[in-house]
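First up is the structure itself, then whatever we jot down about it.
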There are 2 protein chains.
Amino acid sequence: MVSTKAGTRRRSPKDAGANASQRATRRDPDATRANIIEVATREFAENGLDGARVDEIAEKTRTSKRMIYYYFESKEGLYKAVLENVYREIRTREADLGLERLPPERALRKLVESTVEYDDSRPHLFRLVAIENINYGRHVQGSSSIQTNNASATEILSDILRRGAEAGVFRKDINPTDLHMVISALSLFRVSNRYTFGTIFGTDFSDPAVRRRHRKMIGDIVMRYVAPQ
Amino acid sequence: MVSTKAGTRRRSPKDAGANASQRATRRDPDATRANIIEVATREFAENGLDGARVDEIAEKTRTSKRMIYYYFESKEGLYKAVLENVYREIRTREADLGLERLPPERALRKLVESTVEYDDSRPHLFRLVAIENINYGRHVQGSSSIQTNNASATEILSDILRRGAEAGVFRKDINPTDLHMVISALSLFRVSNRYTFGTIFGTDFSDPAVRRRHRKMIGDIVMRYVAPQ
DNA sequence: TCTGACGTGTACGAACCAGTACGTTCTCAG
DNA sequence: CTGAGAACGTACTGGTTCGTACACGTCAGA
């Protein structure tokens, strides 16, 4: 979730780590900020940018509405902070799978299947992505922090594909960005279109058996696509 | 788009088809209804359910706000009517491709590639689907008209898969609903996640060359997945 | 030509909601 | 221990927006 430990904002050097075991007392700007972001993430994910209410967010916070405007200036400023936080969280994941040490075929399947599991387990994160797309990606576009560092996803994939091609187990003409899109598309659909698809075709996406079936299918699809011949 | 010819609402039998060439004169309930739906479709697709403004819709209509409430009772009623109309339109398409007369492999590839083209050409329809999912599919759930008749998509696919399996060119264990999901996922992602993905990975989804590349790739993915062995 | 229902326009109300004015308390450097 | 700025709370405002009251036009059949 949202980090609770002190951020990088100005602090006197001497108290860095000093009063660590103190109770989360009266004034704690970083905790207040984090608390607001945490609540706002939930509210925006549930109700959308327009649908979310600042008063509602404030009430669920352990502080007041005044603080939201104090720290984030506007509803949109808060939304943007939430979005940056979410992307940071999504980004962080893939790096820690240790895929570079696995043989390419095992690495790719693991990447795909863990993506399905992850997306399924954090629906609210991807609802925010969907919401941002409804808003024409305006805030992602306006945030350099989101645009930077996002090569990582394709870099990991590029590495796997390169090794696979060299070993002769993958085709050589796979575009890493396109493949990343394919994996995201197949995995995200289960979250983004859960309600309409589920209602119309009677698929229960929350059923673990269905998830396992989909996870395997999506893995198979990707592996068959990259296979040579 | 929205049908302009008279609907099925009560009409005296004698004027059915009588004054056909008259100018779209003073009183024309069906045209008014259709006009409202048409404008509302655009507005809801562009701004979402909460984002759209009834006054704005009314102004762009050739009638007044009063009529929106007269015909649709509430903003939500209007939204629901729009949604039903959109699903009707989406449904109508696939039937007219004549796929049952093609050999299974050609039929499947044609289905996939035409889906990509169609989704790409009607982004606003699928923005509405995305919006509906943000709203937890509440209105789709409440509309029997949407839930009925939606077997068609899987029926066409089932038929192709059955014929392919019999001919020995497809595997026998493909779940039609799951395959439909795969095709939808790959095709819809290009519309639903256009902005965030495009910004982060520098993909221009409106470039025809990119669309052609994706269309072929998605076709290849599906064909490789259903192939036996 | 009269009548009742249907269709239409205008002007307004009431709630809702983002954002702010203003005042208070805390914290830490000097 | 003191002053100045940071952190915080309360109460309000002004604009927006869904929905409606009310009045009038129009049409088909009696």
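The values are calculated or read from the model by the stated rules, or taken from the named source; none is laboratory data. Fair warning: this is a prediction, and the values are worked out from it, not measured in the lab. Because the Cβ atoms are built from the backbone with ideal geometry, glycine has one as well, and the counts that use them run over all protein chains shown. To get the accessible areas, we keep the full protein, side chains included, count just its heavy atoms, and leave off ligands, DNA and RNA. Shrake-Rupley method; radii C 1.70, N 1.55, O 1.52, S 1.80 Å.
One table, with the values for the structure above:
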read-out	value
Summed buried accessible area for A+B [probe radius 1.4 Å, Å², rounded to 100]	4800 Å²
Solvent-free Debye scattering, log10 I(q)/I(0), computed from the Cα coordinates of the stretch B:87-226 at q = 0.12 Å⁻¹	-0.53
Test item: Cα-centred dipole of the stretch A:112-229, Lys/Arg +1 and Asp/Glu -1 on Cβ, debye	180 debye
Length-normalised contact order for chain B - Cα pairs under 8 Å, 6+ apart - percent	19 percent
FRET efficiency, A:A209 to A:E89 (Cβ-Cβ, R0 25 Å, nearest 0.05)	0.35
Relative contact order (%) - criterion: Cα under 8 Å, at least six apart; region: the stretch A:98-226	37 percent
Relative contact order computed over the stretch A:108-178 (Cα-Cα under 8 Å; 6+ residues apart), in percent	20 percent
Charge dipole of the protein assembly as shown about the Cα centre (unit charges at C-beta), most positive-ward option of A:G98, B:S114, B:Q147	B:Q147
Candidates per trypsin sites (Lys or Arg not before Pro) in the stretch A:130-196, loop by DSSP, up to 11 other Cβ within 10 Å	A:K172
Calculated FRET value between B:D96 and B:D220, using beta carbons and R₀ = 25 Å, to 0.05	0.50
Accessible area of the protein assembly as shown belonging to carbon and sulfur atoms, whole % at 1.4 Å probe	48 percent
For chain B, calculated [θ]222 nm from helices alone, where every DSSP H run of n ≥ 4 adds -39500 (n - 2.57)	-21500 deg cm²/dmol
Alpha-carbon centroids, the stretch B:163-201 and the stretch A:43-111: separation in whole Å	28 Å
Student exercise, the stretch A:83-136 dipole from Lys, Arg, Asp, Glu Cβ charges, in Debye to nearest 20	80 debye
Heavy-atom surface of the protein assembly as shown, accessible at 1.4 Å and reported per residue (Å²)	51 Å²
For the protein assembly as shown, radius of gyration divided by Kirkwood radius, i.e. Rg to Rh on alpha-carbons	1.02
Radius 12 Å from Cβ of B:R138, net charge of other residues (Lys, Arg +1; Asp, Glu -1)	-1
Gain on full stretching of the segment that runs from A:E117 to A:S143 - 0.36 nm per residue minus C-alpha separation	6.6 nm
Cβ-placed point charges (K, R +1; D, E -1), dipole of the protein assembly as shown about Cα centre in debye, nearest 20	380 debye
Cut-off 20 Å, label 7 Å out along Cα→Cβ of A:H124, residues of the stretch B:120-153 by amide N	B:133-138
